[in-house]
There are 2 protein chains.
Amino acid sequence: MMKALVNKKSSEQASETEISVNHQKLIDATIETIAKRGLADTTIAHVAKRAKVSQGYANFRFNSKDNLLISSLQYLSDEYKKSWQKIFEEKNIDPIDRIIRIIQNDFSSKIANRNKISVWIAFYSEVKFRPSYLAICQRQDEIYSQQMEKLVSEINNIANQKEFTPKEISETYHSMVDGLWQRILFDPKIYTNEFCKNLVLKYFKSIYVNEDRFA
Amino acid sequence: MMKALVNKKSSEQASETEISVNHQKLIDATIETIAKRGLADTTIAHVAKRAKVSQGYANFRFNSKDNLLISSLQYLSDEYKKSWQKIFEEKNIDPIDRIIRIIQNDFSSKIANRNKISVWIAFYSEVKFRPSYLAICQRQDEIYSQQMEKLVSEINNIANQKEFTPKEISETYHSMVDGLWQRILFDPKIYTNEFCKNLVLKYFKSIYVNEDRFA
DNA sequence: TTTTGTATTGAATAATCATTCAATTTTTAT
DNA sequence: ATAAAAATTGAATGATTATTCAATACAAAA
């Protein structure tokens, strides 16, 4: 009966396109469902309905619910990674401006909104019991931390800051971001993205006292 | 058949004691089960087995699984609260020493261990969908923040620190602790309790530059 | 058009689980 | 000791859900 099918590309290498359409529709629907109902209450049936495919298909397409969840986490992780990778790769930009852009990104509404955060935390909460979740989260973390430390050491050189090692600054920053994201989820009235961003900027200002771009 | 029953108190106001025994056994078992298997995989049957009562009883005793979970979160919350409340109530102690004790408490092995943290995060992850979880977490937070701000303002007076408001310091501290707890869960090899505690102490040292007790 | 292969459906299956409750054991009062 | 009350059991129930798969719709090839 009624099918809303996407027009096909020519042919030969059959598809990559409309395969991806359903693939992506399901991943999006999964993330949306987790955001709306929580991981505990996310069923294949809910996801399939939201993605407008049959329940059987959703399972068939990803082999298992577990695999669908892993793919969704991977997608979320990649999406976040792209956003900061872009900033780290920008050319001709002062390290302090770069780190400010990183901070802005971490508290942009695209990244730090209650839906995304709730999905992250849902996966975090299972990390201890699902090695595959842990692996995805750790891989992300590692690269981010590495680039962050490099950036901070550039700043340390310029600003002639000796008190803190780049690792320490990177670690505290990262922890603060995670903690603030959690707080955005709990109490978005108080913890607006602006509020959180400014808190972090002030933290940097306390480290680099002579630098007023953090103000 | 075999029962390991606890000797009773005399009588009249029937019990409060042995009622509490089963009550507490079930709450302990719930927390342990969540720590070992994750919230998603915590069933009444698992909890009952661990508490050495029948499955039917576990449900009967708390009326519902949901209620058992809420009671367990409340217990966890109270336990944590007691630990810091004690420090805030200590007499004849210098505010800086007091805050150091608070930090030590937040990274003591009794509080910041992987089991407890995983249970906290499990509940956090559902906060958006369960008003009762949120209420418990928020109440905790509010009192803690309030006392913390008061303590910080005492320190600010002594240390003559103007850059940061007590609220800002309290917020960043709290976020950092939450973030670091998360990291202890992810990678306990790197994020030892010592490591985390020292990171936070260093943060305070950067705020109160002239105070060397934070070193 | 007809045939063939692929994508998709949706109903059936089997497993898991919270909850119920009649039956049993244990405790308390007489 | 006996009866009444309370606590506790564990098997049955019904709801939910991931997964399977035979049937169908669709697209491409002949």
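The values are calculated or read from the model by the stated rules, or taken from the named source; none is laboratory data. A quick note: this is a predicted structure, and the numbers were derived from the prediction, not measured. Counting neighbours? That spans all protein chains shown, and the Cβs are built from the backbone with ideal geometry, glycine included. Only protein heavy atoms, including side chains, enter the accessible area calculation; ligands, DNA and RNA are left aside. Shrake-Rupley method; radii C 1.70, N 1.55, O 1.52, S 1.80 Å.
Report, for A:N160, each distance to the same residue's label point in the other copies, shortest first and in nm; define the point 7 Å along Cα→Cβ.
Taking the point 7 Å beyond Cα along Cα→Cβ, the inter-copy spacings are 2.5 nm.
Enumerate the residues in region A:38-54 having an amide nitrogen under 18 Å from the point lying 7 Å beyond the Cα of A:V21 toward its Cβ.
A:48-54
Pick out which of B:V119, B:V21, B:V47 has the largest mean-square fluctuation in a Gaussian network model of chain B, springs linking Cα atoms closer than 10 Å.
Taking springs between Cα atoms under 10 Å, the residue moving most is B:V21.
Okay, helix-only estimate at 222 nm for chain B: each DSSP H run of n ≥ 4 adds -39500 (n - 2.57), divide by all residues, round to 500 deg cm²/dmol; what do you get? Write down the numbers at each step before the final one.
Numbers: 9 runs with 149 residues, N = 215.
Value at 222 nm, helices only, nearest 500: -23000 deg cm²/dmol.
Counting only protein heavy atoms and a 1.4 Å probe, tell me what percentage of the protein assembly as shown's accessible area is made up of carbon and sulfur. Walk me through the intermediate numbers first.
Details: 11260 of 21790 Å².
Percent of accessible area from carbon and sulfur atoms in the protein assembly as shown: 52.
List the aspartates and glutamates whose Cα lies under 20 Å from the Cα of A:K189, skipping any in the same chain that are fewer than 8 positions away.
Of all the aspartates and glutamates, those that pass the test against A:K189 - Cα under 20 Å, at least 8 places apart if same chain - are A:D106, A:D178, B:E126, B:D141, B:E142, B:E149, B:E168, B:E171, B:D178.
Mind listing which GluC sites (Glu not before Pro) in region B:138-192 are in a DSSP loop and have 16 or fewer other Cβ atoms within 10 Å?
B:E163
More than 11 angstrom separation, counting every C-alpha pair in region B:16-63; what % is that? Walk me through the numbers on the way to the answer.
Numbers: 700 of 1128 pairs.
The answer is 62 percent, as a whole percent.
Given the options B:T30, B:T192, B:T172, state which has the largest fluctuation in a GNM of chain B using a 10 Å cut-off (strictly under) for Cα springs.
Comparing B:T30, B:T192, B:T172 in the GNM, the peak value goes to B:T172.
Hey, how many Å between the Cα centroid of region A:186-215 and the Cα centroid of region A:35-81?
35
Run through the other copies and list how far each one's label point is from that of B:I190, in nm with one decimal, shortest first; the point sits 7 Å from Cα along Cα-Cβ.
So the label point of B:I190 gives 3.0 nm to the other copies.
Checking the cross-link filter: which aspartates and glutamates have an alpha carbon closer than 15 Å to that of B:K110, excluding same-chain neighbours under 8 positions apart?
B:D28, B:E32, B:D78, B:E79, B:E194
Where a ≥ b ≥ c are the square roots of the eigenvalues of the C-alpha gyration tensor, would you call region A:111-215 rounded, which needs a/c under 1.5, or, failing that, prolate if a/b is larger than b/c, or oblate?
Cα axes put region A:111-215 in the oblate bin.
In the structure shown, do any of B:K25/B:K150; A:K116/B:K116; A:K91/A:K128 have a Cα-Cα gap over 31 Å, and if so which?
On the way: B:K25/B:K150 37 Å; A:K116/B:K116 25 Å; A:K91/A:K128 39 Å.
Listed pairs above 31 Å: B:K25/B:K150; A:K91/A:K128.
Projected onto the charge dipole of the protein assembly as shown (+1 at Lys/Arg Cβ, -1 at Asp/Glu Cβ, origin at the Cα centre), which of A:S206, A:P166, A:L39 gives the Cα projection farthest towards the positive end?
Farthest along the dipole direction, towards plus: A:L39.
Quick check on the protein assembly as shown: what does the Kirkwood estimate of hydrodynamic radius come out to from the alpha carbon pairs, in Å?
Values: mean 1/r = 0.0417 Å⁻¹.
For the protein assembly as shown, inverting the mean 1/r across all distinct Cα pairs yields 24.0 Å.
If each label sits 7 angstrom from Cα along the C-beta direction, how far apart, in nm, is B:R139 from its counterparts in the other copies?
Distances between equivalent label points, in nm: 4.3.
Among the trypsin sites (Lys or Arg not before Pro) in region A:149-197, which ones are in a DSSP loop with at most 16 other Cβ atoms within 10 Å of the Cβ? Mind listing them? Please list the in-between numbers first.
On the way: sites: A:K150, A:K162, A:K167, A:R183, A:K189, A:K197; in loops: A:K162, A:K189.
Those satisfying the criteria are A:K162, A:K189.
Loop only per DSSP, at most 12 neighbouring Cβ atoms within 10 Å: give me the trypsin sites (Lys or Arg not before Pro) in region A:52-86, ordered by residue number.
Details: sites: A:K52, A:R61, A:K65, A:K81, A:K82, A:K86; in loops: A:K52.
Loop-located and lightly packed - A:K52.
Quick one: 3J(HN,Hα) in Hz for region A:77-87, Karplus 6.51/-1.76/1.60 with θ = phi - 60°, rounded, Gly and Pro as x.
Going residue by residue, I get 5, 5, 4, 5, 4, 4, 5, 8, 4, 4, 6 Hz, with x marking Gly and Pro.
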